[in-house]
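See structure below.
Bear in mind these aren't lab numbers, they're just calculated from the coordinates by the rules spelled out. Note that the structure is a prediction, hence the values are computed from the model and not measured. Neighbour counts are summed over all protein chains in view; Cβ atoms, including those assigned to glycine, are modelled from backbone coordinates with ideal geometry.
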Amino acid sequence: MPLLDDMKTAVSDIARSAWATRQGQVVPDPEDLRLGNDAVEFDRATVLYADLQGSTSMVDAENWQLSAEVYKTFLYCAASIIRKEGGKITSYDGDRVMGIWVGDRQTTPAAIAGLKINYAVQQIVNPALRQQYPRWTGEVKQVVGIDTSAIRAARTGVRGGNDIVWVGRAANYAAKLTDLNLNERTWVTDEAFKRLADEAKLGGSPRQSMWKRYSWSQQGDRIIHGSTWWWAV
C-alpha cells in the first residue's frame, strides 16, 4: 500500500475506533498495551522530569566527548535516584529523563528524588568533571519539574518502533516546569506540594521550609513552589 494511503487509513482508524480502557495498578511497559486505541487509566500519578539546562550552548562550545560525559553522568545519577525512590523510568529524551510514581505514596518520594538529583549534580557530577577537566569553566545545571494528576497511558508509533505516550496534565506541566530559569533547581505544582509529607517540605536546623512560593506567569499565574535545597544521597 502506498505511504499516503497507509497514513490516511491509519489516521481514520484511530479517529473512529472506540477506546478500550482499564484501571492501572502499576506503570505499564509498551508491550502491555495494544497499538490500537487501548489505554491504562490512573486516578492519580506523579510525574518527574529532570532536564539539563543549557545543553544546546554546551554542545556548541565544548568538544563532543565532554558533552557526552555531561549527558551520561547526569542521566545516570538522575535515573539511579528515580529508581531508588520508587519511581519507574518511562523515557529518555536527549538530555532529560522522565519518571512516574503510582500508588499510595507518590509526591513525597518524587520531591525527595528532585532534591537528591540537585545534590548529585552539585556534589558528585560537577566536582568529578572539574577534576577531569581542570581548564573547563562550565557548570552542569539541571531543572526538575514535578506534577500530579489523573493520567492515561497509551501506546503510540508503528510496529517495530513504538513507545508509551502519557496523556494528562502532570506529564505536560512537569515538562514545562523544566523551562524555568531561576535559582531554584526543583519545582512542584501547588497540587503536588499540598500532598508532600513534612519530611519533603521542611529541612535544616531549626526546621524551615525548603520551598519558595511563586506565581507561574506562563501558565495563567498558577501557584508553584521552587527549591534550591538538596538532599544528601
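Extending 7 Å from the Cα toward the beta-carbon at both Asn63 and Ser209 defines two label points whose distance is 4.7 nm. Taking other residues whose beta carbon is less than 14 angstrom from the beta carbon of Glu85, and scoring Lys, Arg as +1 and Asp, Glu as -1, yields +4. The order of Ile100, Ile223, Ile89, going from fewest to most other C-beta atoms within 10 Å of their C-beta, is Ile223, Ile89, Ile100.
Here the Karplus relation 6.51 cos²θ - 1.76 cosθ + 1.60, evaluated at θ = phi - 60°, turns the backbone of the stretch 7-20 into coupling constants of 5, 4, 5, 5, 5, 5, 5, 4, 5, 8, 6, 6, 8, 9 Hz, with x for every Gly and Pro. In this structure the amide hydrogen of Gln142, modeled in the peptide plane, comes within under 5 Å of the amide hydrogens of Gln53, none closer than 5 places in sequence on its chain. What is the log10 of I(q)/I(0) for the stretch 104-233, computed with the Debye formula using one identical point scatterer on each Cα and no solvent, at q = 0.13, 0.19 Å⁻¹? The computed values of log10 I(q)/I(0) come out as -0.64, -1.07. Phi angles across the stretch 104-109 convert, under the Karplus curve 6.51 cos²θ - 1.76 cosθ + 1.60 with θ = phi - 60°, into 3J(HN,Hα) values of 6, 10, 10, 5, 4, x Hz, Gly and Pro given as x. Among Asp95, Asp198, Asp29, Asp51, the order by Cβ neighbours within 10 angstrom, fewest to most, reads Asp198, Asp29, Asp95, Asp51. Distance distribution P(r), the chain, all Cα-Cα pairs, bin width 10 angstrom from 0: 7, 30, 30, 21, 9, 2, 0 percent.
Filter the GluC sites (Glu not before Pro) in the stretch 160-233 to those in DSSP coil with at most 12 other Cβ atoms within 10 Å of their Cβ, and list the result.
Details: sites: Glu184, Glu191, Glu199; in loops: Glu184.
The qualifying sites: there are none.
The distance between label points at Tyr133 and Lys8 comes to 5.1 nm (points 7 Å beyond Cα on the Cα→Cβ vector).
Hey, fewest Cβ within 10 Å first, where do Tyr92, Tyr49 land in order? It would help to have the intermediate numbers written out before the result.
Details: Tyr92 13, Tyr49 27.
With the sparsest Cβ surroundings first, the list reads Tyr92, Tyr49.
Applied to the stretch 68-82, the Karplus parametrisation 6.51 cos²θ - 1.76 cosθ + 1.60 on θ = phi - 60° returns per-residue 3J(HN,Hα) values of 4, 5, 4, 4, 5, 5, 5, 5, 4, 5, 4, 5, 4, 5, 4 Hz, with x for Gly and Pro. Here's how it looks for Arg222: its modeled amide H is under 5 Å from those of Trp216, which are all 5 or more places away or on a different chain. With springs only between Cα atoms under 10 Å, which of Asn126, Asn181, Asn172 fluctuates most in a Gaussian network model of the chain? Of the options given, Asn181 has the highest mean-square fluctuation.
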